[in-house]
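The values are calculated or read from the model by the stated rules, or taken from the named source; none is laboratory data. No experiment lies behind these values; they were computed from the predicted model shown. Here the Cβ positions follow ideal geometry from the backbone for every residue, glycine too, while neighbour counts run over all protein chains shown.
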Amino acid sequence: MATDSSKKTIFAAMGSNLAIAIIAVVLARESKGLLVGESAAPQTIANIRSLSKTEPGVQEVIRVLTM
């Protein structure tokens, strides 16, 4: 039969593992955003497009790629 202190140890270990798992998920999400990159906001893309069209050598802006 498990003693009271061994039950506390088991629950403490489970709590620690849960906390580590949550932290791992959060870090994975943040790392993905940094590695893959995130696209610019629509207003920023519109600003890039309009600014690019003012350049003398630019005839047309087909697609703006951001990361």
Check your understanding: Of everything in the stretch 34-58 that's modelled with pLDDT under 85 and surrounded by 10 or more Cβ atoms within 10 Å (Cβ to Cβ), which residue is farthest from the chain's Cα centre (by Cα)?
Key -> 39
Study note, to complete from the structure: Counting only residues that are in a loop (DSSP other than H, G, I, E, B) and out of contact with any helix residue (DSSP H, G or I) (no Cβ under 9 Å at 6 or more places or on another chain), the stretch 1-49 contains a total of 5
